[in-house]
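First the structure, in the form of structure tokens, and then the observations on it.
The values are calculated or read from the model by the stated rules, or taken from the named source; none is laboratory data. Bear in mind the structure is a predicted one, so any value in this text is a computation, not a measurement. Here the Cβ is made from the backbone with ideal geometry for all residues, glycine too, and neighbour counts use every protein chain on show.
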Amino acid sequence: MHAPPIAPGAAAHGVHPEPPWFLKQFFFFLLGLLALIKIIPPIGPVVLGCVALYALRGAKESVQALTLLAFFLILDKAIVPINVSALRWVILFAAFGRMMADSFAQGAPTPRFFKPLLLFTGVIVILAWTTSVIPSISIFKALSFAIGVGTIMAGFYRTPHLRLYWMSWFLTLAVFILLTSMILYIFGLGYGLRAEGFQGILNHPQTYGAILAPFAAFATGLFFFQGNRSRLIMLVAGLSWIGVYLSLSRTSFLAILLALIVAVLVSLFARQGWQQSIQRALAQGSTIAIIGVFLVVTVAQWSSIQEGLTAFLLKDDAVQETEGNAIIASLEDSRGNLVERSMRNFHRAPLTGIGFGIPTYAASNPEYFEVNVVQTGFMGIPIGASVEKGFMPSAVLEETGIIGACLVLLMLFMLALPILQRGTITLFWTLMTCVLINGGEMIFFSMGGNGLFLWLLMSLCYTYATFEPSPALQRVRR
């Protein structure tokens with residue numbers, strides 16, 4: 001895949017070509033690849049092996065390979081029967097090996113984010129040896145997190161000239177997920193084993209909502225704040241919002257809205273340029289028209305909208321009242337118990353926590369976790385240990401204590417710093433959406449499908465802002 005050429009002299013004058021593009025070759029490559037795996041399922045491991053070999057070619061190819069890996073991990077295996085399993089580590093370590101080779105052989109640059117990442121990893125490994133209830137799992141998860149995030153960051157950081165291409169790459173992937181999922185929806189498919197939420201071609205409604213949330217924020221931000229009126233952006237924005245709603249993912253919906261509120265608040269105190277973007281958006285005729293239509297429809301259909309919104313927030317819970325306390329009770333029931341149990345473990349070890357990547361129940365029953373949950377590979381080395389936690393702040397405090405929580409805050413600050421200095425409100429909205437999704441499903445430290453995918457998007461936001469010479473994305477003139 002190659003980025004479209006830049007007009008002669010454009011780069012020298014700091015003018016970017018019109019972003020983003022729709023990468024037709026990438027779209028049809030995905031379509032053909034999934035069709036091939038669907039028709040000939042045994043070819044799946046061969047495809048994954050080729051992806052691993054492709055990752056060895058360079059930084060650009062490593063990012064592309066990790067994108068394909070994340071996509072394969074979140075696919076509905078009932079639709080496309082590809083078993084990633086242990087081969088995901090082959091792809092990850094192939095990309096990691098290439099990044100390490102470039103670092104030593106060519107002295108390739110590394111982002112500033114590496115310092116807090118390595119500091120966090122080093123401290124967690126030390127704490128794992130001394131305080132974790134299952135040291136091997138904590139060390140395995142800390143190292144896999146560092147390797148995964150470090151590889152992704154290095155790949156983007158070493159391809160700054162392709163940052164507009166990467167925007168197009170991920171938006172094309174979003175279009176592929178959205179269009180194929182909408183085709184399933186038209187034929188009454190895409191609900192998997194559950195009838196409540198729509199999951200499209202992905203493996204779970206919560207996955208579908210979490211993956212589409214940052215695309216909804218990014219495309220909507222480009223439309224309103226950067227004045228991008230291209231068909232591609234309007235398609236991604238519209239279908240992403242529809243997809244989040246159909247998924248019934250309350251976490252994703254609230255993450256988008258809360259991230260926007262945070263971005264607006266930051267603009268009031270830190271970024272005058274963001275204030276100007278908001279003012280321009282509010283002054284545009286299209287914005288006024290959209291708000292006007294929204295208000296008219298809301299007033300005319302208030303009863304139906306109220307019932308639909310309440311059902312969305314309550315989802316499939318037994319409580320079916322429309323009062324605000326019913327909605328709050330529903331949200332508390334879904335995550336409140338997890339938070340309470342996590343905080344009890346935090347109070348047992350407030351400084352160090354029970355161990356990185358350790359589930360709540362394993363603090364009192366580590367033997368059951370090791371025997372029934374931990375997946376081991378060669379020489380008994382852990383290769384997987386699924387842990388489900390909800391609220392990120394309580395999960396971080398439970399696993400890493402106050403020490404780890406301070407280091408996580410440092411990582412988040414360093415992740416956002418380039419965007420706060422040179423990025424746009426759109427990039428910040430996207431980044432914060434990725435982070436706030438962890439308020440309902442803790443995937444920040446996961447190198448599985450959801451976590452890997454969101455780290456690809458967060459790293460793109462970080463790198464784009466790091467190398468952006470101007471305080472704003474270039475407006476598209478179409």
**Prompt:** Cβ-Cβ below 7 Å, separation at least six or inter-chain, first residue in the stretch 452-468 and under 16 Å from residue 150 (Cβ atoms) and touching a residue at least 40 places away in the same chain (Cβ under 8 Å), second charged (D, E, K, R) and in a helix (DSSP H, G or I): which pairs?
**Reply:** 463/163
**Request:** Report, by residue number, each residue of the stretch 209-224 that is farther than 19 Å from residue 458 by Cβ and in contact (Cβ under 8 Å) with a residue 24 or more places away in the chain.
**Result:** 224
**Message:** Cβ-Cβ under 6 Å, sequence separation 6+ or interchain: first residue in the stretch 137-165 and at negative phi, partner at pLDDT 95 or above and part of a loop (DSSP other than H, G, I, E, B). Which pairs?
**Reply:** 153/113
**Fill in**
Of the residues in the stretch 263-278 that are over 18 Å from residue 215 (Cβ atoms) and hydrophobic (A, V, I, L, M, F, W, C), the one that is modelled with the lowest pLDDT is 270
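Given the criterion among the aliphatic types (A, V, I, L, M) and over 19 Å from the mean Cα position of the chain (by Cα), identify the matching residue among 68, 87.
On the way: 68 fails: over 19 Å from the mean Cα position of the chain (by Cα).
Exactly one residue qualifies, and that residue is 87.
Would you mind finding the one in 63, 51 that is closer than 30 Å to residue 106 by Cα, of a type in the set (A, V, I, L, M, F, W, C) and touching a Gly at 6+ places or on another chain (Cβ under 6 Å)?
Numbers: 51 fails: touching a Gly at 6+ places or on another chain (Cβ under 6 Å).
It is 63.
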**Request:** All but one of (1) outside any helix (DSSP H, G or I); (2) hydroxyl-bearing (Ser, Thr, Tyr); (3) in contact with a strand residue (DSSP E or B) (Cβ under 7 Å, 6 or more places away or on another chain) hold for residue 136, so report the exception by its number.
**Result:** (1)
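Results for (1) among the aromatic types (Phe, Trp, Tyr); (2) part of a loop (DSSP other than H, G, I, E, B); (3) closer than 30 Å to residue 192 by Cα, shown as yes or no for each residue.
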position	(1), (2), (3)
73	no, no, yes
79	no, yes, yes
85	no, yes, yes
88	no, no, yes
94	no, no, no
104	yes, no, no
108	no, yes, no
111	no, yes, no
**Prompt:** Tell me, which residue of the stretch 185-222 that is surrounded by 24 or more Cβ atoms within 10 Å (Cβ to Cβ) and of a type in the set (Phe, Trp, Tyr) is nearest to residue 262 (Cα to Cα)?
**Reply:** 218
**Asked** Residues of the stretch 397-407 being touching a residue at least 24 places away in the same chain (Cβ under 8 Å), closer than 20 Å to residue 440 by Cβ and of a type in the set (A, V, I, L, M), which ones?
**Response** 397
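For the stretch 126-138, name all the residues that are over 25 Å from the mean Cα position of the chain (by Cα) and either farther than 10 Å from residue 353 by Cα or crowded, with 24+ Cβ neighbours inside 10 Å (or both).
126, 127, 128, 129, 130, 132, 134, 135, 136
Among the residues of the stretch 338-380, which ones are at positive phi and either touching a Cys at 6+ places or on another chain (Cβ under 8 Å) or modelled with pLDDT of 60 or more (or both)?
Of the stretch 338-380, the ones at positive phi are 353, 355, 357, 379-380.
The answer is 353, 355, 357.
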**Prompt:** Taking the stretch 199-254, which residues are closer than 19 Å to residue 453 by Cβ, among the hydroxyl-bearing types (Ser, Thr, Tyr) and not in a helix (DSSP H, G or I)?
**Reply:** 249
